[in-house]
Amino acid sequence: HMMFDQLSAALTEVAKNFGGKQRMTENSIQPALKSVRRALLDADVNLDVATALIDGVKRRSLGKEVTQGVTAEQQFIKAMYDELLDMMGGDASQQSNRNPSLQSPVASLAHSPDFATTNKPTVILLAGLQGAGKTTAAGKLALYLKEREVDSDAVKQMSEEERASTLASRLPKRNRRVLLAAADVYRPAAIEQLQILGEQVGVEVFSLGADADPAEIAKEAVEKAKREGFDTVIVDTAGRQVVDEELMEELRRVKKTVEPDETLLVVDAMTGQAAAFLTASFDSAVGISGAILTKLDGDSRGGAAVSIRGVSGKPIKFVGVGEKTQDLEPFYPDRMASRILG
Ligand code: GDP
């Protein structure tokens, strides 16, 4: 999948404008910026985000001597890459290849207190509108956290040497004992769907049926986790068709009851910049720690991925890239920036 086809085309056009020049000038850069801007807006990148990106690229590019052996085009693309990276939150905790020990996209999971000494499970609350892929994400995240690093496909493909160094620098492994809590009591099939997913990924699902109070379900799930030695609880909360005050109030109540380490909003990449506004409104209503961006496999535009952080201030922590339970990946801004630029 090539994201941002138009952006790639725009960047090819850039080469023409800079042909042979040693320095990017206001004049030579203007047409390039214009096509990039159009490509960003066509990809449904939020207007303010697109404007900030363009300004940043201009600032980084203008007046710079072209480095020996690097074309003006390459330099422009590097500026674009750096801006995209900043925009998507390219700090150390979300880089794929700088410091492997800082790699966890769920930073607070990596830094959460040792379960063995505190007996306090890590609690992850999942929220989102109906159809965003929330229940699926709960199952996927359970599998991801349950899996040991050595079981992942990426690690399996490494040489012995790579493996040894990676594993040494990445301890402790995930290898978590996960409990799923079915607190989506409104959609009739949600509990059953979670139970089926739980069975698929080999994770126990806690439920009190569809008549129980979601905050009570979450609370009892955490108590069960403490009693039985689960170190992680993922709570699947209700989704609705639209954002309403009742949904937000319920989430605040669940949140207050279990004090989650992470509150992640599940949003659909196909909705473009609307996903970014949704993230911002959930954050102001209940306070979230990040987003899980689903259906990235079906999104050829990338507007949501680029806009979410800029609009809401919240990072994307995971991406869903398919319907299968293995189709969840940590979100790495540097990889995404490279993908976007083709
Ligand atoms: P919920 O209402 O938010 O709980 O949504 P579901 O988890 O039931 O998902 C809705 C639909 O989206 C289902 O058909 C899922 O298979 C599909 N889905 C979820 N995540 C992804 C993804 O990352 N990629 C694709 N292609 N489909 C997904």
query = Sorted from fewest to most neighbouring beta carbons within 10 Å, what does the list Thr122, Thr237 look like?
reply = Thr122, Thr237
request  = Calculate one ³J(HN,Hα) per residue across the stretch 276-284 by plugging θ = phi - 60° into the Karplus curve 6.51 cos²θ - 1.76 cosθ + 1.60, and present them in order as whole Hz with x for glycine and proline.
outcome  = 6, 5, 4, 4, 5, 6, 5, 5, 6
ask   = Full extension from Ser8 to Glu161: what is 0.36 nm times the residue separation minus their Cα-Cα distance, to one decimal in nm?
value = 51.4 nm
ask   = Based on the Cβ-Cβ distance from Ala285 to Glu223, what FRET efficiency comes out when R0 is 41 Å, to the nearest 0.05?
value = 0.90
note = FRET efficiency for Val70 and Arg335 from the Cβ-Cβ distance with R0 = 22 Å, rounded to 0.05, comes out at 0.50
request  = Could you please report the charge total around Thr271, scoring K, R as +1 and D, E as -1 over all other residues with beta-carbon less than 11 angstrom from its beta-carbon?
outcome  = -1
note = Straight-line reach check, Lys58, cutoff 30 Å on alpha carbons, 8 or more apart in-chain or any other chain, hits among lysines -> Lys16, Lys21, Lys34, Lys78, Lys314, Lys317
query = Taking the highest mean first, how do the peptides 296-306, 72-82 order by number of other beta carbon atoms within 10 angstrom per residue?
reply = 296-306, 72-82
ask   = Any idea how far apart Glu216 and Thr325 come out in nm if each label point goes 7 Å out from Cα toward Cβ?
value = 2.9
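Read the figures in this text as sums done on the coordinates, not as results from a lab. Not measured: the values here are computed from a predicted model. Here the Cβ is made from the backbone with ideal geometry for all residues, glycine too, and neighbour counts use every protein chain on show.
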